[in-house]
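The values are calculated or read from the model by the stated rules, or taken from the named source; none is laboratory data. These numbers were taken from a predicted model, which means no experiment stands behind them. For neighbour counting, all protein chains shown are included, and Cβ atoms are generated from backbone atoms with ideal geometry for every residue, glycine included.
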């Protein structure tokens, strides 16, 4: 008899989702899906608002990565204003974005995934939490808390709040950096390096014990998308996008935000409120790709900071071409955190970072604008249309998690087929299937939006569980 | 709230969502405490939307901690005040639902910290709907809740 296994909710993720695994009559996995079960609607209710409100409005999409939305939204507004922001403002935003990346990656690695990595996938779920990690390895736990504090305190110093900060506005930032704040951040750097070094050492020691998971966790060839600088180094705030194929060859380079809106499409599937992004010239689903730490490190040939450079060389030795297993998102996340700490130190060491000129001003000069940035989870794009008075007519967001959606679903199916056989499974096997999704560190709150009309299915089920009637709106 | 991260003898740690009517009682009382004890460097006040693991570090840096939160299990406006015991190792927890016992356990396990006093002040919530106002019962409970905070802080600092 066929059977459906449901994991609901998927735990230790940001947002709400479930996994369904469909077994055929032989008990083998026929299909599996990752469903995003929440709806937000930011793109619709921003219609009618003045465009300059959009950064602070869009930051409310998420409590973990609001800075990414602030930055991408501000850049979309600046495209409408047709302004170039002052260099110091760009550097300050870069620093804020990197601080967010560090604290978000710390949350993902230490709070959400380290219970699996440190305590084991089969550990009793009651133990398999941040409290379990604290009891088993307090030094690593302290490192995680310290790295999260590092990123959040920088955000609070710059943006006045650690969650949903302000400060980033169309045209730049609202105020320059004070020397006292610069010095306070610089004083935090040595401890951040120590904590990161501890985490990297701990990860490298335990990674080799997860050979089976490495082979089965969304381990397949895909295309990859991410921002790159002109000098081939990694970038999170400016630069241009590059799409590479599974062998590492460039499919398209130098992609601006405007070009992104032309070549990236979004498909809708009936089982999820999150869209499935794809590269239109290759069609759907062949044009699907991955974004985020694994993709970024696969795309760039250098980090641009000395310590992270060493780690990138080691990372690239994991495979001959692009590193394919999504398990290695964990490794890539740690390398990016190291880069973030180094880059923040470098930015603050330039005396020009205290320059008072941090904002450009203008009105509406174009009726459409797009802005892109790298969120912790991957590429983020905001695209807006306004009227002559700057009133929002339309908004579309392409979120990192939607761009990873196809790979997450394929990954869930791959893991389910690997671990569930003859209809038999254990709690540890189901945890592994959840852990595949965790490697992507999805932000489900960010990723779910209305697409015109939402696909909707209503089923009427009797007391015995039999479906009496069904209505579908596609 | 202050950005000062220096340790204090007494930490007042409140959580709640100010956009969910009575769930905002924690941040409201924290704001009052911030003003009430502004001149006293022995007291540090933190208000957050939810309790998160990184707050364990703040707890470890203080001698005593007073948690403040709303409660849907109490009748609206009821003020309860009781000691908090750190979660045991086998208690089980979810990162999204960290509470005061979890935080004390984390402070113990990560920083070998044991608070001299750890108390929780809860106020029964009438409405958790979207909104920025308190129900009549919670509004009426504010003076009593403030009185409890004052007495607790003075007692913590006496010892």
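Scanning the stretch B:2-29 for residues that are surrounded by fewer than 17 Cβ atoms within 10 Å (Cβ to Cβ) and modelled with pLDDT under 90 yields B:2, B:3, B:4, B:5, B:6, B:7.
In the condition set (1) in a loop (DSSP other than H, G, I, E, B); (2) closer than 18 Å to residue A:289 by Cβ, residue A:226 is compliant with all but (1).
Kindly indicate whether residue A:117 is under 22 Å from residue B:105 (Cβ atoms) and buried (at least 24 other Cβ atoms within 10 Å of the Cβ). Show your work before the answer.
Details: under 22 Å from residue B:105 (Cβ atoms): yes; buried (at least 24 other Cβ atoms within 10 Å of the Cβ): no.
Answer is no for this residue.
Once the stretch A:285-336 is narrowed to residues that are without any contact (Cβ under 8 Å) to a residue 40 or more places away in the chain and out of contact with any helix residue (DSSP H, G or I) (no Cβ under 8 Å at 6 or more places or on another chain), the residue that is surrounded by the most Cβ atoms within 10 Å (Cβ to Cβ) is A:309.
Within the stretch A:287-322, how many residues are in a loop (DSSP other than H, G, I, E, B) and closer than 18 Å to residue A:227 by Cβ?
Taking the stretch A:287-322 first, the residues in a loop (DSSP other than H, G, I, E, B) are A:287-288, A:291-292, A:300-301, A:303-305, A:317-322.
Among the residues that remain, those that are also closer than 18 Å to residue A:227 by Cβ are: A:291-292, A:300-301, A:303-305, A:322.
Qualifying residue count for the region: 8.
Report whether or not residue B:54 is under 21 Å from residue B:102 (Cβ atoms) and at pLDDT below 95. Walk me through it before giving the result.
Values: under 21 Å from residue B:102 (Cβ atoms): yes; at pLDDT below 95: yes.
Against the criterion (under 21 Å from residue B:102 (Cβ atoms) and at pLDDT below 95), residue B:54 qualifies.
Identify, please: which residue in the stretch A:161-182 is within 24 Å of the chain's Cα centre (by Cα) and within 12 Å of chain B (Cβ to nearest Cβ) and is, among those, surrounded by the fewest Cβ atoms within 10 Å (Cβ to Cβ)? Walk me through how you get there before you give the answer.
Of all residues in the stretch A:161-182, those within 24 Å of the chain's Cα centre (by Cα) come to A:161-170, A:172-173.
When the remaining residues are screened for being within 12 Å of chain B (Cβ to nearest Cβ), the result is A:161-164.
Working: A:161: 15, A:162: 23, A:163: 18, A:164: 18.
The extreme case among them is A:161.
Here A:80, A:64 are screened, and the one residue that is within 14 Å of another protein chain (Cβ to nearest Cβ), under 26 Å from residue A:41 (Cα atoms) and in contact (Cβ under 8 Å) with a residue 60 or more places away in the chain is A:64. Return yes when residue A:340 is within 25 Å of residue A:276 (Cβ to Cβ) and either assigned to a helix (DSSP H, G or I) or out of contact with any helix residue (DSSP H, G or I) (no Cβ under 9 Å at 6 or more places or on another chain) (or both) and no when it is not. Taking the combined requirement at face value, the residue does not satisfy it.
Among A:383, A:365, which is the only one that is in contact with a strand residue (DSSP E or B) (Cβ under 9 Å, 6 or more places away or on another chain) and either outside any helix (DSSP H, G or I) or crowded, with 19+ Cβ neighbours inside 10 Å (or both)? First the steps, then the outcome.
On the way: A:365 fails: in contact with a strand residue (DSSP E or B) (Cβ under 9 Å, 6 or more places away or on another chain).
After applying the criteria, what remains is A:383.
Comparison of A:329, A:278, A:284 shows that the only residue that is in contact with a strand residue (DSSP E or B) (Cβ under 8 Å, 6 or more places away or on another chain) and outside any loop (DSSP other than H, G, I, E, B) is A:278.
Of all residues in the stretch A:1-57, exactly one satisfies the criterion of being surrounded by 16 or more Cβ atoms within 10 Å (Cβ to Cβ), at pLDDT below 80 and over 23 Å from residue A:436 (Cα atoms), namely A:40.
Before we move on, is residue B:19 within 11 Å of chain A (Cβ to nearest Cβ) and either touching a strand residue (DSSP E or B) at 6+ places or on another chain (Cβ under 9 Å) or within 18 Å of residue B:149 (Cβ to Cβ) (or both)? Outline the logic, then answer.
Working: within 11 Å of chain A (Cβ to nearest Cβ): yes; either touching a strand residue (DSSP E or B) at 6+ places or on another chain (Cβ under 9 Å) or within 18 Å of residue B:149 (Cβ to Cβ) (or both): yes.
So residue B:19 passes the test.
Can you confirm whether the stretch A:407-429 contains a residue that is under 17 Å from the mean Cα position of the chain (by Cα), modelled with pLDDT under 90 and surrounded by 15 or more Cβ atoms within 10 Å (Cβ to Cβ)? No, that holds for no residue.
With respect to residue A:92, is the statement that it is modelled with pLDDT of 85 or more, more than 22 Å from residue A:397 (Cβ to Cβ), in contact with a strand residue (DSSP E or B) (Cβ under 7 Å, 6 or more places away or on another chain) and assigned to a helix (DSSP H, G or I) true?
Taking the combined requirement at face value, the residue satisfies it.
Here is a check on your reading of the model: is residue A:162 farther than 24 Å from residue A:93 by Cβ and in contact with a helix residue (DSSP H, G or I) (Cβ under 7 Å, 6 or more places away or on another chain)? It is false that residue A:162 is farther than 24 Å from residue A:93 by Cβ and in contact with a helix residue (DSSP H, G or I) (Cβ under 7 Å, 6 or more places away or on another chain).
Whenever a residue of the stretch B:145-159 is within 20 Å of residue B:41 (Cβ to Cβ), its partners that are in a helix (DSSP H, G or I), lying with C-beta atoms within less than 9 angstrom and at least six residues away or across chains, give the pairs B:149/B:29; B:149/B:32; B:149/B:33; B:149/B:36; B:150/B:33; B:150/B:36; B:153/B:33; B:153/B:36. Is one or more of the residues making up the stretch A:75-83 buried (at least 17 other Cβ atoms within 10 Å of the Cβ) and over 26 Å from residue A:354 (Cα atoms)? Yes: one or more hits. For the stretch A:101-160, the set of residues classified as in a loop (DSSP other than H, G, I, E, B) and either within 20 Å of residue A:209 (Cα to Cα) or at the interface with chain B (Cβ under 8 Å from one of its Cβ atoms) (or both) consists of A:120, A:121, A:122, A:123, A:124, A:125, A:126, A:127, A:128, A:129, A:137, listed by residue number. Here the condition is being in contact with a strand residue (DSSP E or B) (Cβ under 9 Å, 6 or more places away or on another chain) and under 27 Å from residue B:54 (Cβ atoms); of A:98, A:70, it holds for A:70 alone.
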